[in-house]
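Asks: A single structure is presented below for examination.
The values are calculated or read from the model by the stated rules, or taken from the named source; none is laboratory data. From a predicted model like this one, the values you see are computed outputs, not experimental measurements. Please note: Cβ atoms are built from the backbone with ideal geometry, for glycine as well, and neighbour counts cover all protein chains shown. Heads up: the accessible areas ignore ligands, DNA and RNA and are worked out on the full protein's heavy atoms, side chains in. Shrake-Rupley method; radii C 1.70, N 1.55, O 1.52, S 1.80 Å.
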Amino acid sequence: MLKFSGSAQRSFSFPAGLTMAYAYYSDLPYVFQYLPHISLVKVHADDHFRLLYSTTELGAYNIRMFCDLRAAMEGGRHLIRLVPEETLPTVEPTAGFYSTSGRGYFTLESLFLDAGDETIIDFSLALHARLPKPRGMRLMMGSVVNRVADGITNTRMNEVIDGFIKQTVAGFPQWTRERV
């Protein structure tokens with residue numbers, strides 16, 4: 001098995017008041033489009049989602065992790081938490097010569113803090129999975145491959161969080177025109 005594990009945290013200033021910022025980021029199907037390397041596959045219910053983390057690494061290996069999530073919104077605390085949900089249909093792990101896929105576990109947490117005309121958002125995310133090793137890696141030592149996989153996953157999580165922040169801030173005016 002190939003182990004992946006990565007996380008990232010950021011705190012940033014969002015150009016809207018607390019109520020508006022929380023409403024925007026609570027529109028999960030809308031803001032999911034701004035997660036680099038991650039796409040919305042299916043909405044199972046208002047608070048249950050399947051996301052796909054997909055990337056090509058080392059120029060050849062296709063990695064696909066299906067992550068089922070349940071959203072927990074705590075409006076009184078202005079907290080959005082997405083946690084793994086295992087009651088949705090299973091994802092069978094598969095491996096090809098240059099590919100691997102299966103279930104991953106993704107968590108995301110956003111805490112919104114009032115800063116007058118702006119909102120400070122403390123944002124963190126993490127991803128981990130155990131997937132079958134691609135057949136093209138059979139002869140590579142597991143410990144070496146896992147260290148490389150963790151390093152790459154941490155790099156990707158930093159790309160995801162930085163891209164998400166940049167794109168959600170840029171996408172806010174469009175959301176405002178469509179919703180308000």
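Asks: Just the residues that are among the hydrophobic types (A, V, I, L, M, F, W, C), out of contact with any Leu (no Cβ under 8 Å at 6 or more places or on another chain) and under 12 Å from Phe164 (Cβ atoms), please, taken from region 15-44.
Replies: Once the filter is applied, which keeps residues that are among the hydrophobic types (A, V, I, L, M, F, W, C), out of contact with any Leu (no Cβ under 8 Å at 6 or more places or on another chain) and under 12 Å from Phe164 (Cβ atoms), region 15-44 yields only Val31.
Asks: Any idea which residue in region 54-107 is least open to solvent (accessible area, probe 1.4 Å), counting only those that are among the aromatic types (Phe, Trp, Tyr) and in contact (Cβ under 8 Å) with a residue 60 or more places away in the chain?
Replies: First, the residues of region 54-107 that are among the aromatic types (Phe, Trp, Tyr): 61, 66, 97-98, 105-106.
Among the residues that remain, those that are also in contact (Cβ under 8 Å) with a residue 60 or more places away in the chain are: 61, 106.
On the way: Tyr61: 25, Phe106: 5 Å².
So, considering only residues that are among the aromatic types (Phe, Trp, Tyr) and in contact (Cβ under 8 Å) with a residue 60 or more places away in the chain, the one least open to solvent (accessible area, probe 1.4 Å) is Phe106.
Asks: With the requirement that a residue be open to solvent by less than 50 Å² (accessible area, probe 1.4 Å), free of Cβ contacts under 8 Å to residues at least 24 places away in the same chain, closer than 12 Å to Cys67 by Cβ and not aromatic (Phe, Trp, Tyr), what does region 31-53 give you?
Replies: Hit for region 31-53 is Leu52, nothing else.
Asks: Also, I was wondering about something else. If you scan region 18-32, which residues turn out to be outside any loop (DSSP other than H, G, I, E, B) and either of a type outside the set (Val, Ile, Thr) or touching a Lys or Arg at 6+ places or on another chain (Cβ under 7 Å) (or both)? Steps first, please.
Replies: Quick first cut of region 18-32, residues outside any loop (DSSP other than H, G, I, E, B) only: 18-26, 28-32.
Residues satisfying the conditions are Leu18, Met20, Ala21, Tyr22, Ala23, Tyr24, Tyr25, Ser26, Leu28, Pro29, Tyr30, Phe32.
Asks: In region 58-107, how many are farther than 21 Å from Gly151 by Cβ and either at pLDDT below 90 or not polar (S, T, N, Q) (or both)? Outline the logic, then answer.
Replies: First, pick out the residues of region 58-107 that are farther than 21 Å from Gly151 by Cβ: 66, 68-94, 96-97, 103.
Then keep just the ones that are either at pLDDT below 90 or not polar (S, T, N, Q) (or both); that gives 66, 68-93, 96-97, 103.
Summing the residues that are farther than 21 Å from Gly151 by Cβ and either at pLDDT below 90 or not polar (S, T, N, Q) (or both) in region 58-107 gives 30.
Asks: Could I ask something else about it? Do we have any residue at all in region 138-147 that's open to solvent by 20 Å² or more (accessible area, probe 1.4 Å), closer than 15 Å to Gly6 by Cα, out of contact with any Gly (no Cβ under 8 Å at 6 or more places or on another chain) and among the basic types (Lys, Arg)?
Replies: Of region 138-147, the ones open to solvent by 20 Å² or more (accessible area, probe 1.4 Å) are 138-144, 146-147.
Next, from what is left, pick out any that are closer than 15 Å to Gly6 by Cα: 146-147.
This time we only want the ones that are out of contact with any Gly (no Cβ under 8 Å at 6 or more places or on another chain), so: 146-147.
Next, from what is left, pick out any that are among the basic types (Lys, Arg): 147.
Yes, some residue in region 138-147 is open to solvent by 20 Å² or more (accessible area, probe 1.4 Å), closer than 15 Å to Gly6 by Cα, out of contact with any Gly (no Cβ under 8 Å at 6 or more places or on another chain) and among the basic types (Lys, Arg).
Asks: So, of the residues in region 4-17 that are assigned to a strand (DSSP E or B) and more than 17 Å from the chain's Cα centre (by Cα), which turns out to be surrounded by the fewest Cβ atoms within 10 Å (Cβ to Cβ)?
Replies: The first filter runs over region 4-17 and keeps only residues assigned to a strand (DSSP E or B), leaving 4-14.
Now restrict to residues that are more than 17 Å from the chain's Cα centre (by Cα): 12-14.
Details: Phe12: 16, Ser13: 12, Phe14: 22.
Of everything passing the filter in region 4-17, Ser13 is surrounded by the fewest Cβ atoms within 10 Å (Cβ to Cβ).
Asks: A follow-up question, please. I need the full set of residues from region 18-30 which are surrounded by fewer than 18 Cβ atoms within 10 Å (Cβ to Cβ), of a type in the set (Ser, Thr, Tyr) and over 14 Å from Leu108 (Cβ atoms), in order please.
Replies: Hits for region 18-30 are Thr19, Tyr30.
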